[in-house]
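These notes concern the structure reproduced below.
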Ligand code: V0D
């Protein structure tokens, strides 16, 4: 079980609620794979798939809110994705603006808080600017936490945590004896948020690709052949439903 922190543990789980509201995942993480393949199947350039992927992100944020999900963590750009052709990377770096130009007012209206994990500092200046603006505008919202993993790599995250812990020990801010799992977690990008309850990966690949290695230790995994641009409310509901069945089968036995 993941450690539940008070500020996100505000969901009412009454016995009288219909069963479809029981055991809903608090934190859903998604690897949004298959945009390029979706485009290729249609004879379109890869970037057309990415643009379609942005539209699906918008829809899924709404669906997640409706399903009482508290945290949605989306793997948008990995530290490995820089190896793609420059033209594709340049296009992808414009997507946060494309998303926020249209959607920020709605996020604010729906009480969504936007945040990021990863080395956001290394992103292009204009990309950083729009994202920082959205973070500032939504920082006091207490509805869904929409968490974008940008320039994220889990091994790097763990390694920098270790380096920072060693630095703090060296500076006598921390003792070796005090280091435990809880302290270690505080050195990760995900400090203060609960571990994912459900991980979804689209497009048929069944691997983690350097995503949240520490945080996924007890997470339920759900894989689908559906490509990210074809992912919709129905697919999302299916994932949540199967998560609920797993919880009912194994919970309390
Ligand atoms: C491309 C599918 C939304 C995955 C979704 C910079 C690959 C579309 C954002 C976004 C990307 C990020 C931050 C933010 C608002 C929106 C995004 C990237 C890629 C990498 F504050 N979609 N999206 N960012 N894709």
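Which of 47, 60, 92, 158 has the fewest other C-beta atoms within 10 Å, and how do the rest follow up to the most?
Sorted ascending by nearby Cβ count, the order is 158, 47, 92, 60.
So if I take the alpha carbon set of the stretch 53-117, get Rg, then get Rh from the Kirkwood formula, what is the Rg over Rh ratio?
Numbers: Rg = 13.3 Å, Rh = 13.2 Å.
Value, to two decimals: 1.00.
With N residues in the stretch 88-159, what two-decimal value do you get for its Cα radius of gyration over 2.2 N^0.38 Å?
So the stretch 88-159 has a normalised radius of gyration of 1.13.
Calculate, in nm to one decimal, what residue 88 and residue 164 gain on full extension: separation in residues at 0.36 nm each, minus their alpha carbon distance.
Difference between extended and current length: 24.0 nm.
Just for the Cα atoms in the chain, what are the lengths along the principal axes, largest first, rounded to whole Å?
Answer, in whole Å and largest first: 57, 50, 36 Å.
Counting only C-alpha contacts under 8 Å and six or more residues apart, can you give the relative contact order of the chain as a whole percent?
29 percent
Can you tell me the relative contact order of the stretch 106-156? Whole percent, Cα pairs under 8 Å, sequence separation 6 or more.
Result for the stretch 106-156 is 57 percent.
Order of 51, 249, 37 from fewest to most other C-beta atoms within 10 Å? All intermediate terms of the calculation are to be shown ahead of the outcome.
Working: 51 18, 249 8, 37 15.
Lowest count first: 249, 37, 51.
Read-outs: derived from the displayed coordinates by stated rules, not from any lab. Owing to the predicted nature of the structure, the values given are computational and were not obtained by experimental measurement. Methodologically, a virtual Cβ is constructed for each residue, glycine included, from the backbone with ideal geometry; neighbour enumeration extends over all protein chains shown.
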